[in-house]
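Input: a single structure, listed below in structure tokens.
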Amino acid sequence: MIRFENVHKSFGKHEVLKGIDAEVDKGQVMCLIGASGSGKSTMLRCVNGLEDYQSGRISIDGETVDAHSSSIHAIRTRVAMVFQRFNLFPHMTALQNVMEGPIHVLGENRDEVRARAEEHLRRVGLAEKMDFYPTALSGGQQQRVAIARALAMRPDAILLDEPTSALDPEMVGEVLSVLRDLAQERMTMLIVTHEIQFAREVADGVIFLDQGRIAEHGSAEAVLSKPTHPRTQDFLRRVTHPV
Amino acid sequence: MSPLFERIQEYLPLLVTGLWQTVAVTLLSLVLASALGLVWALMRSSGTRWLSLPARYIVEFLRGIPILVVLFYIYFVMPELGLDLTAFQAGVVGLALTYSCYIGETFRGGIEAVDRGQVEAAKSIGMRHGKMMRRIVLPQAFRIALPPYGNNMVMLLKDSSQVSVISVAELTMQGKMLASSTFDNMTVFTMVAALYLCLTIPLNILMRRVELKMGAAT
Ligand SMILES: Nc1ncnc2c1ncn2[C@@H]1O[C@H](COP(=O)(O)OP(=O)(O)OP(=O)(O)O)[C@@H](O)[C@H]1O
Ligand SMILES: [Mg+2]
């Protein structure tokens, strides 16, 4: 459903994506790993047009993603995003954050949206925190609100950029467990993560990105347990046995 | 000369009518300047060159002209071009034009200080630029811009005395006339200064209160 065909992306003279070919199927969880600066965030951000790309093609169910076309707004309502630093709207409560998109972008009925938003917040374990402002919530709680905000759009897929790396260690688990549930329900997800154990458990596929190229691509088992590329081996050694 | 207390009583009514004129000029030009300032700020942060460049040039142009010259121009030159304004109207327009630049820059600063992540979050749920500005960016930008906006307000109140040069009968003008007819400069201008302080000090206190409250709310 999310398809990259020979995608090239540069920031000025600096080429960051050097011909990406990949596909995330419906109901699949794809994990994107790679060293800092390898282009993981950029690859993700091209999917919902937060960045543009120079050549090749990214498509969602066959529809081309073009950051400069007005069709991008509709695409963004179908592909939600969860950020490393949550980016909740600070002037809105948790519930208002979740309701914002469905009401003010999709134009849905307020009462229905509220019921659904409450349900989403309950599911991520925040029934008690609906009327709290983001600053009154822990990082883990904020990220779960952000996931509920993404789900409230009833997206076809969710992009997650290192959803746990801004969290204190004791809060990583609560966010990963929400993501595990989503994976179980066959939510299509493209996740940038350094949580190798988590990737092993939930990922249908893993992409290892190295300096803007896909160095290795395959099942979680193949890439994470029997990596063939020396760069992947080296990277996995470093993230699983930090010095 | 009559005793001080009697003189104060004698001058006060005239100065108070001037005070009300000052309040009227200030409030009207504040509303206009804020609206116009918001327009400049939105144009400049629109991401469209066709909007941001004109706004930048207008602001730079207006900021380069002394307020007195702006006032003279509107009051004395505009009638020759067919736009006849009363001194009061010309004063309000001149102040508003000049202050729209300062206030516009204040708003722009607020808009630019809003975390980039907010814009990305708004975009990522499919929001278009206008709605994103209205619902996500501006509410946060106003909060950030409030302290400097408060300063703009106090400056505007004080600069409203400039419109006395085109004979608007506000506080400074009334003081000047009263002083030249009574030669009692010390009493008159002390009273004028005190009356300005009656406006600026409460305004400062109010701004501090609002800031504290806003700071506590986030
Ligand atoms: N807006 C930008 N302007 C210029 N260069 C950028 C921009 N964003 C990213 N880059 C560069 O593109 C390259 C890839 O960045 P990207 O953020 O995609 O890496 P990443 O794999 O997500 O890294 P990390 O693990 O640190 O998040 C880096 O060299 C980065 O400096
Ligand atoms: Mg990144």
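The values are calculated or read from the model by the stated rules, or taken from the named source; none is laboratory data. Bear in mind that the values here come from a model prediction, so they are computed numbers and not experimental data. Here Cβ is always computed from backbone atoms with ideal geometry, including for glycine, and neighbour counts include all displayed protein chains. For the accessible areas, the whole protein counts, side chains as well, though only heavy atoms, and no ligand, DNA or RNA atoms are used. Shrake-Rupley method; radii C 1.70, N 1.55, O 1.52, S 1.80 Å.
Which strands (runs of 3 or more DSSP E) sit wholly inside region A:128-243 and have at least 3 residues that are buried (at least 21 other Cβ atoms within 10 Å of the Cβ) and either within 15 Å of ligand 1 (Cβ to nearest atom) or of a type outside the set (S, T, N, Q) (or both)?
On the way: elements: A:157-161, A:188-192, A:205-210, A:213-218.
Output list reads A:157-161, A:188-192, A:205-210.
Among B:Glu105, B:Glu120, which is the only one that is within 14 Å of chain A (Cβ to nearest Cβ) and open to solvent by 20 Å² or more (accessible area, probe 1.4 Å)?
On the way: B:Glu105 fails: within 14 Å of chain A (Cβ to nearest Cβ).
That would be B:Glu120, the only listed residue that is within 14 Å of chain A (Cβ to nearest Cβ) and open to solvent by 20 Å² or more (accessible area, probe 1.4 Å).
Which pairs do you get when a residue that is hydroxyl-bearing (Ser, Thr, Tyr), found in region A:34-51, comes within reach of a residue that is near ligand 2 (Cβ under 8 Å from one of its atoms) and at pLDDT 95 or above, reach meaning Cβ atoms under 9 angstrom, with the pair 6+ apart or on two chains?
Note: pairs meeting the criteria are A:Ser41/A:Gln84; A:Ser41/A:Asp161; A:Ser41/A:Glu162; A:Ser41/A:Val192.
Working carefully through the options A:Arg154, A:Arg85, find the one that is in contact (Cβ under 8 Å) with a residue 60 or more places away in the chain and within 13 Å of chain B (Cβ to nearest Cβ). If you could, list the steps in order and put the result at the bottom.
Working: A:Arg154 fails: in contact (Cβ under 8 Å) with a residue 60 or more places away in the chain.
Exactly one residue qualifies, and that residue is A:Arg85.
Is it the case that A:Leu106 is free of Cβ contacts under 8 Å to residues at least 60 places away in the same chain, open to solvent by 10 Å² or more (accessible area, probe 1.4 Å) and either within 13 Å of chain B (Cβ to nearest Cβ) or assigned to a helix (DSSP H, G or I) (or both)? It would help to see each step written out before you state the result.
Values: free of Cβ contacts under 8 Å to residues at least 60 places away in the same chain: yes; open to solvent by 10 Å² or more (accessible area, probe 1.4 Å): yes; either within 13 Å of chain B (Cβ to nearest Cβ) or assigned to a helix (DSSP H, G or I) (or both): yes.
Yes: the conditions hold for A:Leu106.
For every residue, the table says whether it meets (1) in contact with a Phe, Trp or Tyr (Cβ under 9 Å, 6 or more places away or on another chain); (2) open to solvent by 50 Å² or more (accessible area, probe 1.4 Å); (3) at positive phi.
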| position | (1), (2), (3) |
| --- | --- |
| A:Cys46 | yes, no, no |
| A:Asp61 | no, yes, yes |
| A:Ile75 | no, no, no |
| A:Ala80 | no, no, no |
| A:Arg85 | no, yes, no |
| A:Phe89 | no, no, no |
| A:Met92 | yes, no, no |
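Rundown of residues vs (1) open to solvent by 60 Å² or more (accessible area, probe 1.4 Å); (2) more than 14 Å from chain A (Cβ to nearest Cβ); (3) not basic (Lys, Arg), yes/no style:
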{"position": "B:Val70", "(1), (2), (3)": "no, yes, yes"}
{"position": "B:Gln89", "(1), (2), (3)": "yes, yes, yes"}
{"position": "B:Gly94", "(1), (2), (3)": "no, yes, yes"}
{"position": "B:Glu112", "(1), (2), (3)": "yes, yes, yes"}
{"position": "B:Gly126", "(1), (2), (3)": "no, no, yes"}
{"position": "B:Leu138", "(1), (2), (3)": "no, no, yes"}
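Can you tell me which residue within region A:31-81, out of those that are part of a strand (DSSP E or B) and within 16 Å of ligand 2 (Cβ to nearest atom), is nearest to A:Asn97 (Cα to Cα)?
Our first condition is that a residue be part of a strand (DSSP E or B); within region A:31-81, this holds for A:31-34, A:55-60, A:63-64, A:79-81.
Pick out the ones that are also within 16 Å of ligand 2 (Cβ to nearest atom) and you get A:31-34, A:81.
Numbers: A:Cys31: 27, A:Leu32: 27, A:Ile33: 29, A:Gly34: 31, A:Met81: 14 Å.
Among those that are part of a strand (DSSP E or B) and within 16 Å of ligand 2 (Cβ to nearest atom), it is A:Met81.
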